[in-house]
Every structure is written in C-alpha cells, then in structure tokens.
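**Q** Right, I'll just put the structure down here and ask away after.
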Amino acid sequence: MRTPQVDRGTGLPERVRIYEVGVRDGLQNEKNLVPVEVKAEFVRRLEQAGIEVIETTSFVSPKWVPQLADAGDLLDRLGESGRSPHRPVLVPNMKGLERALERGVTSIAIFGSATETFAQKNLNSTLESQFDMFAPVVEKAKAEGLWVRCYVSMCFGDPWEGDVAPSQVVEVAKRLMDLGCDELSIGDTIGVATPGQVEEVIDGLVEAGIDLDRIAVHFHDTYGQALSNTLTALRKGVTIVDSSAGGLGGCPYAKSATGNLATEDLLWMLHGLGIETGIDLPAMVETSMWMSEQLGRPSASSVVRALGTAS
Ligand code: HMG
Ligand code: MG
C-alpha cells in the first residue's frame, strides 16, 4: 500500500498522540444500531493497528443515545483491555460514573459546552448548572484514582448561536480544568473553525494557565478545515489530536455536525511530516474498509478511499 513521501516540516512535534474517537463519537450517530460484537471487533482491530488510546463508549442516558445503550456489555466483551487507562468512556453525571465504576473503568471524559443552547440540547442543563453536574463526578473520579478528560464543545461556532467568543471558550475550559481534570479537548463540534480561530483559542488557554501538553484538539471536518486546523494546532505546540477511524461521527444533538477528522487522513499528514504516531496506516485503512462493509456505505476518509482502491 502506498505511503506518503516523508519531508520533515519545521516547528512541529516529534510525536503526536492520537486519541481515537470512532467507536464512541463515530457510532453514537449511526441510524442503525451496530451489534455489540462488531463494536468489540472494531476496538480489537484498532488495537492491532497500534492505536494506544481508544474512547470506547458513553455511560449516558440510553434514552438520549440508544446507540450506546450497550456500553456495559461492550466493556464486558473487551475484558481487561476495556478497563485500561487508555480506554476512556464518556460520563455526564453521577449515575454515569456509578455505571462506569461498576464495570471497572479507569478513565473517563466529561463533556461540557461553551454555549448556553448546546448545554440545554446536549445535557438538558444550563451553561452554569453544567458545572454543578460535573463537579461531584470529577471529585469522585479523582478520589477513585481515575484519569479524567474534559471536553468543551462548540468552541468555534454554534448552530443556534452563531459565533462563539474565544474568551467564553477559555472561561468554560478553565472552570472545567479547575475541577481537577487531567486533559482538555477543545471541540469544533460542527466543523466550522478556521486556523486563525484555532490560534486565538489556544493562545487564550495557555494565557489562562492551561499547560500545552494537556490540551487536545477535536475537529470535525464538515467544511473541510480539519487538517489545516490540526496543523495550526501542532505548530502552536499541541501534541494530542482526536480523530475517528474512517471519519465516522457526528453528534446526535447538533444536526450540522458531520464526521470527525479521519484518523487515516491525519496519519497521512503526520507520517508525511515525519511525526511518529506508533500507528500502522495500512492496518487502519483495512480496519476502516472492514467497518465500511459492516455499515454498508463507503468510508468518508479521503485516504481510505484512495488507498482502498488504488496502489
Ligand atoms: P435528563 O433527562 O435531564 O436526566 O438527561 P435525569 O437526571 O433527569 O434522568 C432522567 C432519566 O435518565 C432517569 O431514568 C435517570 O435514571 C436516567 P428514569 O427514572 O426516567 O427511568 N439517567 C441515566 N441512565 C443511564 N446513565 C446515565 C443516566 N443519567 C440519567 N448516565 C443527561 C441528562 C445528561 C443524562 C442526558 O442529557 C444525556 O445523557 N446526555 C448525553 C448526550 C450525549 O451523549 N451527546 C453526545 C456526546 S457529546 C459529543 O459528541 C461532543 C464531543 O464529541 C466533542 C465535540 O465534538 O464537541 C464530546
Ligand atoms: Mg465530537
């Protein structure tokens, strides 16, 4: 299978940690329920391709996200691997944390909103009261020795409110990190960001005292900007990038959210720049082609489509 010609860019990190969200962010948005055994096999194939961190599922209300109602069953099938600190699960509230702890989970992600409307639509909460929901979750999770990530959604634009001020993103992110989270992921939930915005938000986060090595970027590719935004973040010193195998994904509570940045598209760029990831690109392409067959439609990833048919 073809691989990119390597030409080391300047001002870039040696290594990037990919945080794979396809199993969670990808499959939460599927119209048809994906059988739990297919999800487990998806995780195993991602592991074999060398992906270290895989967000496996969400312990959210099954009425809100029926696609992930099988969260406990999936973790049971994954056995020890599902309890690794490298297999985080989304948890919105104490009920979700209790369910996750019952399954022996050792890392979680809470998910806040930078905007009022999305807090209501995604969490049935106000912007302000989301902190009351998350504070006891983070406190208990840390007391239990868990690793905790916090997401902030709608950091670069909101489908109901329009533009989002970087200062608002920084304020929400800082308050969530101050609860005791280990890592922050800034989400372009609807894929509208452009590189200047990315620079401004990252500068604001660093000025607010959040270490660069704790900041991850989470881009959706709706407007085709995800890779240029990622490159901008890397040049700013970010080394953790969220992506989704085959570009699966979206958010069921933000209709204009389409697929995430595809892991294979990201790998093509990173490997072309000589940046280490520890991931085998051909194995990822094969995994996403297999997943496409399961879902009955072609992959959204340009690299999967190019390598899946050409040599
Ligand atoms: P609510 O309806 O206000 O919850 O939803 P509630 O506390 O009033 O409880 C209502 C019922 O749900 C009760 O059951 C609870 O027990 C149950 P009943 O008494 O009616 O039988 N319940 C739960 N059951 C299982 N697990 C739970 C749970 N919580 C309550 N954890 C809630 C509030 C937060 C639960 C709801 O809004 C929810 O689940 N939201 C999640 C939505 C979601 O998963 N969205 C996608 C993830 S975010 C995303 O994709 C963005 C991201 O990728 C980054 C980016 O792109 O920006 C991360
Ligand atoms: Mg997302």
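Any read-out appearing in this document is the output of simple, stated calculations on the displayed coordinates, not a laboratory observation. Owing to the predicted nature of the structure, the values given are computational and were not obtained by experimental measurement. Backbone-built Cβ (ideal geometry, glycine too); neighbour counts: all protein chains shown.
**Q** Please state, as a whole number in µm²/s, the translational diffusion coefficient that the Stokes-Einstein equation yields for region 17-309 at 10 °C and 1.306 mPa s, with Rh defined as the Kirkwood radius across alpha carbon pairs.
**A** 85 µm²/s
**Q** I need to check one value: relative contact order of region 17-309, counting alpha carbon pairs closer than 8 Å and at least 6 residues apart, in percent.
**A** Dividing the mean separation by the residue count of region 17-309 yields 18 percent.
**Q** With 20 Å as the limit, write out which pairs from LYS142/LYS236; LYS39/LYS95; LYS95/LYS142; LYS121/LYS142 have Cα-Cα distances beyond it, or answer none. Can you show the working numbers first?
**A** Values: LYS142/LYS236 29 Å; LYS39/LYS95 23 Å; LYS95/LYS142 16 Å; LYS121/LYS142 28 Å.
Too far apart for the 20 Å limit: LYS142/LYS236; LYS39/LYS95; LYS121/LYS142.
**Q** Still on this structure, I have one more. Please list log₁₀ I(q)/I(0) at q = 0.25 Å⁻¹ for region 256-311, using the Debye equation with identical point scatterers on the alpha-carbon positions.
**A** Listed by q, the Debye log ratios stand at -1.04.
**Q** Shifting gears a bit: For the residues ASP188, ASP73, ASP132, what sequence is obtained by ranking on other C-beta atoms within 10 Å, fewest first?
**A** Listed from fewest to most nearby Cβ atoms, that is ASP132, ASP73, ASP188.
**Q** Arranged by the count of other C-beta atoms within 10 angstrom, fewest first, what order do ILE110, ILE186 take?
**A** The most exposed by this proxy come first: ILE110, ILE186.
**Q** For region 183-311, compute Rh as the Kirkwood radius over C-alpha pairs and then the Stokes-Einstein diffusion coefficient at 20 °C and 1.002 mPa s; write the answer in µm²/s, rounded to an integer. Can you show the working numbers first?
**A** Details: Rh = 15.1 Å.
In µm²/s, the coefficient rounds to 142.
**Q** Suppose only helical runs count, i.e. DSSP H with n ≥ 4. What mean residue ellipticity at 222 nm does that imply for the chain under -39500 (n - 2.57) per run, divided by all residues and rounded to the nearest 500 deg cm²/dmol? List each step's numbers first, then the result.
**A** On the way: 11 runs with 122 residues, N = 311.
Value at 222 nm, helices only, nearest 500: -12000 deg cm²/dmol.
**Q** Of LEU212, LEU267, how do they rank once you tally other Cβ atoms within 10 Å and put the fewest first? List each step's numbers first, then the result.
**A** Working: LEU212 14, LEU267 25.
Listing LEU212, LEU267 from fewest to most nearby Cβ atoms yields LEU212, LEU267.
**Q** In addition: Tell me the GluC sites (Glu not before Pro) within region 187-266 that lie in a loop according to DSSP and have at most 14 other beta-carbon atoms within 10 Å. Numbers along the way, then the final one.
**A** On the way: sites: GLU199, GLU200, GLU207, GLU264; in loops: none.
In loop regions of region 187-266 (DSSP not H, G, I, E or B), there are no sparsely surrounded GluC sites (Glu not before Pro).
**Q** With point charges of +1 on the Cβ of Lys and Arg and -1 on the Cβ of Asp and Glu, referenced to the Cα centre of region 17-309, which listed residue (ALA114, ASN260, PRO35) lies farthest in the positive direction of the dipole?
**A** Of ALA114, ASN260, PRO35, it is PRO35.
**Q** Take the alpha carbon atoms of region 12-126, find their radius of gyration, then divide it by 2.2 N^0.38 Å using N residues; give the quotient.
**A** Cα Rg divided by the expected 2.2 N^0.38 Å: 1.08.
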